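The values are calculated or read from the model by the stated rules, or taken from the named source; none is laboratory data. Values in this document were obtained by computation on a predicted structure and should not be read as measured data. Don't worry about glycine lacking a Cβ; one is built from the backbone with ideal geometry, like all the others, and counts go over all protein chains shown.
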Amino acid sequence: MRILFATSNTNKISEAAEILVPLGHSVEGLLIDGNRPIFNEPKELGLEAVTESKVEQALALIKGTEFEGAAVLVEDSGVFTHAFEGWPGANSADVVEKIGLDGVLERISKSKNRGGEYRAVVILSDGKNNWKAVGVCKGKFSVEKRGINGFGYDPIFIPEEGDGRTFAEMKSSEKSSISHRGVAIKSLSRLLSDPSR
Ligand code: ITT
C-alpha cells in the first residue's frame, strides 16, 4: 500500500517507515505543492479527535491530485505525567517549544511522582476504509537529560519495558519495539493484513 504520512514531524515518518516498509508498504511524507500541509488540530478535544479531524482534512487535500488513491496516515501523540493531571498531554509539542526539557524537568521535580506515559493514536484511510489504532508506553521521567537520539521528550523519558536507558539513549529500532508509536503502527499493520477486513 502507498502510504502518505500527513505530519510535519519527519521523525514520525522514519519511525513508521521502519515498521511498515519491511511489511511491503511504502511510506512518504504528504507534500502538497512541495510543502507539508498545516492542519487545524482541535487539541482541546484530545488525541483521538485530533486524528479524526486530521484524516478528513488530509483526504480532502489529496482529492483530485496525483495522490488520490493512495492511503493517508495521520498520528497525534503526547506525553502525559502522572503528577500533573496528564500535563502536557495534547499540548506536548507547544510546551517543549516554550519551556524546553529543562523547564519540564523543573516542574516534574516539584513532585515525588516521576511516572508518566507516551500515548499515540493513528488513523490510516484509503478514502473508503479507516483503520484506527492506539499505543501507550508507560515509564518515568529521568532526573536529567540523557542521550542524543530520537526527538521531543526522548532525552528525559525512561520506558518501563526498557533497561533504564532513556529513549534518546536507544537505537531507533529499540525505541520502535516498545514505543507508543511502534505499538500503534504495529497494531495498524495487523489490521491491514487481517483477511476479514
Ligand atoms: P504533527 O505534524 O504530526 O502534528 P508534531 O510533532 O507537532 O507533528 P504532535 O502534535 O502529535 O506532533 O505532538 C506530539 C509531541 O509530543 C511531539 O512534538 C513531542 O514533543 C511529543 N512526542 C510525541 N511522541 C514522541 C516521541 O516518540 N518521542 C518524544 N517526544 C514525543
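Taking region 178-197 on its own, how many of its residues are over 8 Å from A133 (Cβ atoms), at pLDDT 95 or above and among the polar types (S, T, N, Q)?
1
Tally the residues that are over 20 Å from F80 (Cα atoms) and either touching a His at 6+ places or on another chain (Cβ under 9 Å) or not in a loop (DSSP other than H, G, I, E, B) (or both), restricting the search to region 7-50.
Count: 18.
So if I check each of A90, A58, which one is within 14 Å of the ligand (Cβ to nearest atom), within 16 Å of R119 (Cα to Cα) and among the small types (G, A, S)?
A90
Pairs needed: first member in region 79-99, outside any loop (DSSP other than H, G, I, E, B); second member anywhere, among the acidic types (D, E) and more than 8 Å from the ligand (Cβ to nearest atom); C-beta distance under 7 Å; at least 6 residues apart or different chains.
Short answer, once both residue conditions are applied: F80/E117.
State which residue is surrounded by the fewest Cβ atoms within 10 Å (Cβ to Cβ) when the search covers only region 146-191 and only residues that are among the β-branched types (V, I, T) and closer than 25 Å to L73 by Cα.
Filtering first and then ranking leaves I178.
Can you tell me how many residues within region 6-32 are touching a residue at least 24 places away in the same chain (Cβ under 8 Å) and away from the ligand (no atom under 14 Å from the Cβ)?
Within region 6-32, residues that are touching a residue at least 24 places away in the same chain (Cβ under 8 Å) and away from the ligand (no atom under 14 Å from the Cβ) number 5.
From the list K132, K128, which one is under 16 Å from the mean Cα position of the chain (by Cα) and surrounded by fewer than 19 Cβ atoms within 10 Å (Cβ to Cβ)?
K132
Determine which member of the set R119, R107 is surrounded by 14 or more Cβ atoms within 10 Å (Cβ to Cβ), at pLDDT 95 or above and in contact with a Cys (Cβ under 9 Å, 6 or more places away or on another chain).
One residue alone meets the criteria, R119.
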